[in-house]
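**Q** Sharing a structure with you now.
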Amino acid sequence: MSSGAMNILVVDDDSANIVSIKVVLKSMGHTVEVLKDGADALTRLTEQPDHYHILITDHAMCNVSGQELLAQLKSTAFKGRIIVLSGYMTLELEAKYRELGADKIIRKPFDLDEMRNAVEELRSLPASNTAQ
């Protein structure tokens, strides 16, 4: 992944989280798009798999959860990095997310520096191969 600005898709149904994440990532120079539903995110990532460098998704959302999104994402051409947010993370759930291709797990509530650091860390890594 280049050291420049990235296109980041944030999927979360919590408006407060969305605002905070968007502010911090935009201040880092990234382009941030926001969706509130995993189904919409799957459609977007299927249509534009190469556009997004990082997907940040919440775990607990209406309609399509973060886990369901990642499971379905495996059948697309998306090769970006994935950060999962959750206030309900268990060791079993974390293991499942890792199996599904999550690069980072951030537990809620989180510090915005933690988000900033996670994005910086993933920026320096080559694209993943989530579409296997």
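**Q** Based solely on its DSSP helices, what 222 nm [θ] is calculated for the chain when runs of n ≥ 4 H residues each add -39,500 (n - 2.57) and the sum is averaged over all residues, nearest 500 deg cm²/dmol?
**A** My calculation for the chain gives -11500 deg cm²/dmol from helical runs alone.
**Q** Still on this structure, please answer the following. Dipole magnitude of the chain about its Cα centre, charges +1 at Lys/Arg Cβ and -1 at Asp/Glu Cβ only, in debye to the nearest 20? Can you show the working numbers first?
**A** Numbers: 14 positive and 19 negative charges, 52 e Å.
Rounded to the nearest 20 debye, it is 260 debye.
**Q** Excluding Ala60 itself, what net charge comes from residues whose Cβ is under 13 Å from its Cβ, given Lys and Arg +1 and Asp and Glu -1?
**A** Working: positive: Lys36, Arg107, Lys108; negative: Asp12, Asp13, Asp14, Asp37, Asp58, Glu68.
Spelling it out: positives minus negatives among the neighbours equals -3.
**Q** Tell me, in nm to one decimal, what length is gained between Ser15 and Glu94 on full extension, where the rule is 0.36 nm per residue of separation less the Cα-Cα distance? Can you show the working numbers first?
**A** Details: separation 79, 0.36 × 79 = 28.44 nm, distance 2.39 nm.
Going from the current span to full extension adds 26.1 nm.
**Q** Further, regarding this structure: With an 8 Å Cα cut-off and a minimum separation of 6 or more residues, compute the relative contact order for the range 1-117 in percent. Let's see the in-between values first.
**A** Working: 193 pairs, mean separation 28.8, N = 117.
With pairs under 8 Å counted, the relative contact order is 25 percent.
Any read-out appearing in this document is the output of simple, stated calculations on the displayed coordinates, not a laboratory observation. All values reported here derive from a predicted model rather than from experimental measurement. For neighbour counting, all protein chains shown are included, and Cβ atoms are generated from backbone atoms with ideal geometry for every residue, glycine included.
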